[in-house]
Structures are given as structure tokens and as C-alpha cells.
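Working notes for the structure below.
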Amino acid sequence: MNPVSAKAGPGKVAGSSALESHGSVRPLAAEDLERVAALFLMKFRHPRRQRDRAIARTADYMRELYLDGDESKALVQIDPQGRLGGFMGVLKARYELNGRALNAAIIGPFMTDSSIDHGWAGPQLLRSLHQGEFDLYLTDSANRTSLAFARPMKYQLLPVHCLEWTCIFRPGAMAAAMLRRKWPGLPRLALDPCARAFDALSKKRFGPPVQPSSSQRIHREPIDAAQFAKWLPTLASDYALRPSWKDGELPRLLALAAEKQADGPLRFGGIYDQTGRMLGCYAFYGQTGGIANLLQIQSSGSHWGAALDALIATARDLGCVGITGQTQSRFMSQLFGYKNVFFHYAGGTMVRSGVAEVTEAVRSGDIFIGGVMGDRWTRLSSDDFGRA
């Protein structure tokens, strides 16, 4: 097992004395940040952008993400020579199940320095994580390396949540946006005329869909982060295993999520019935000419279709060329009703717990996971810290 580029995959590791002789694990500290940032950029970003400015910006963001507030749960492995051998990003969260409070670890970036590590840093980090105070461990961004060794470590894979769905509005403009994201220096004059010509030819095929789930009695409205934070816990209350946010925790998380820059500003919306009762809400990143990226969607009862209709219509009205987001089992049947929707693997969603009731809730799909209860909302998932 070589977790050099793995992003998650906890489990117990045998031979603890042998592991300890090859280094030690401790919580992330401020003096580690520049070394961790440099390792992160080397593993997950373009090497030509590893300038001092990018390292400094990444370190500043990691300080805000992992060190502000409570004691850090993120871990570093230090080899016997005092060098940074590896890092595991961990965010603490709270869940509840049938009135029982649970401490959760949300696992983000997991990396080791292959130039100095000989296969010990990853197991040490995993072993240390599982000796902590957590009742469950989860990730929604595990790569394929992690998936290969997760099952023997008693992780439960949620296949539906591993997929990402994409709805295309304007295929030519969407292709151009994807190319510019990969190669920011591409000139618009070389792409936009071709994209417009293709979209004109395909307008009938990719026009606004008929929305069978929409109702005259349901309407959508823009809302702000405070309203979203107020209503999301209520709408998520029908999950047996669900987040338990204390005062101020969810607004702070949304404020951090709003710092993400790759896909445009974070926007919020809600759907209401005739009496003004909220039936669903959504949050997505989006801007005119870009690809909207769903952060969270939640609905009550049978209103998932109306919530999806409102989300997609809002992104279209904004001028987005398409929208993408993590799938959930509760709205898969509604997604199948849309044309121009495609699915692909985006990242492993896995849960591990020694609590039998948690394991059963995960097995039955009765868990709120992904979105704000994952790590894709962080800037580490997408932003380029080396750009001006």
C-alpha cells in the first residue's frame, strides 16, 4: 500500500513499534504550514506555479482552515531527521443519530513526500487518526489509490455519492470554459467564435428542458447565507444520521466556503409554496459564461424535483453554460428525467465507524454526507493559489 497521493483511507496498522521507530505524528502547528503548503502544491497543483507567493497564500489559507478556532485535528508526520514526511487534513464535525451525539472527522488532503518517505508516513498518519476521539470518519474526495486499500480497513463505500452529474446548457461554450480552466492563457478570440457557432447549431438539442416537476404553486427566490444556514438543518432533519451544528458553526463554514474562487461567487436560492413555507434550498458557485458548481441542495419530502428545477433554472438565468454537482441517492430518479445530463466518477465517498447503528444508517443510505459535510467546498479542492 502506497498512500503517496491518497486523500483518505483510515484503518488500524499493525506493528506500531516499528512505525514509531520511523518517525512520529503530531497535530499540525503554525511552524509546519509553509512545508505542508509546498508539499501540497507539489502533489496537487501545477509545478510551475510553486512560487513563493503561492506557498505563502496556501499556508495562510491552511492556517485559517485548520488552525483558527479549536485545537487542530489535522496531522503531520515528522521523520527521525525532523523532516515533514506527510500530512493529513482533518476537519472536526458533529453528527447525531437517534439523539446520540457523535464526533466526526472529515478527511481532506492526504499526502506523503516520496522523496524522503519509504512507506511509513501514510500508515502512521492513519493509525494516529484512529486513536483519536472520533466516532466516525468520512471523506467525499478519496482518489482511486485510497479506494484500493479502504475496503480492508472497514470503510463503507457510497457508490452513488462517488458520481458527479453534469447538465449541459451550451456545449460549445462549456467546452471553451473547460479548456480555459485547464489552460488559462488560451485566447478568447480563438475559442469564443467557434463556441458560439456550435451553440447556434445545437440550440434546439440543448435548449431549456420541459420541467414536469415544476408547479404553479411553487416558486423560487434568491436567499442569503443566513437564510440558508437557518433552513438547511430543518430540511435535513429527516436523515437518521445528520449533522449537528452548534450556534454559529454553519454560518462560519459557509463564510469559508464563499472564499472559494474557481467557479465564481457562492449563490443561494430557495423554493416556497403559496403560503411562504420553504420546501427546499440550494447553494452553488456560478458566474456568467462559467460552469456552475453545486455545493449543496436539500429538499423536504417529495419536492426534490422542484428544487432541482429551480437550481438549474437559476444557473441558466445567470448565464452559466452548464452545471455540475455531486449526486445523492435521494434525487437520482429526478436527475434521470433531464436530457443532456451525464455522469462520471469524481471522488470516493466513504464512511468508517465502530458504532453499529452508524454502520447500519450508512448501509441504508440514511446519512447526510457531501456538500458542506465534505471537503470539496474548501479552496484546496480547486483554487489556483499561484495566480495573481
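The values are calculated or read from the model by the stated rules, or taken from the named source; none is laboratory data. Computed from a predicted structure; not experimentally measured. For neighbour counting, all protein chains shown are included, and Cβ atoms are generated from backbone atoms with ideal geometry for every residue, glycine included. Protein only, heavy atoms only, side chains kept; ligands, DNA and RNA dropped before computing areas. Shrake-Rupley method; radii C 1.70, N 1.55, O 1.52, S 1.80 Å.
Once R0 is set to 22 Å, what does the formula 1/(1 + (r/R0)^6) return for the Cβ-Cβ distance between ASP366 and TYR338, expressed as a FRET efficiency to the nearest 0.05? Step by step, r from the Cβ atoms, then E = 0.30. Packing, as the average of other Cβ atoms within 10 Å across residues, places the peptides 269-278, 169-178 in the order 169-178, 269-278, highest first. Peptides 260-267, 81-88 ranked from most to least packed by the mean count of surrounding Cβ atoms within 10 Å: 81-88, 260-267. For the chain, the relative contact order is 22 percent, taking Cα pairs closer than 8 Å that sit 6 or more residues apart in sequence and dividing their mean separation by the residue count.
Angle between the Cα long axis of helix 33-44 and the longest principal axis of the chain, 0 to 90 degrees, nearest 10? Once rounded, the angle reads 60 degrees. Solvent exposure of the chain amounts to 45 Å² per residue of accessible area, where only protein heavy atoms count and the probe is 1.4 Å.
Share of carbon and sulfur in the accessible area of the chain stands at 53%, probe radius 1.4 Å. Just checking the listed ones, PRO187, PRO243, PRO109: in the Gaussian network model of the chain with Cα springs under 10 Å, the one fluctuating most is PRO187. The percentage of C-alpha pairs in the chain whose separation is greater than 29 Å is 45%. For the chain, the number of Lys pairs with C-alpha atoms closer than 14 Å, counting only pairs eight or more positions apart or on separate chains, is 7. Rounded to the nearest 20 debye, the dipole size of region 138-205 about its Cα centre is 160 debye, using +1 on the Cβ of Lys and Arg and -1 on the Cβ of Asp and Glu. Along the charge dipole of the chain, pointing to its positive end and built from +1/-1 on Cβ of Lys, Arg, Asp and Glu, which listed residue (GLY319, MET350, HIS130) has its Cα farthest out? Checking the options against the dipole of the chain, the answer is GLY319.
Summing charges over all other residues whose Cβ lies under 13 Å from the Cβ of ILE116, with Lys and Arg as +1 and Asp and Glu as -1, gives -1.
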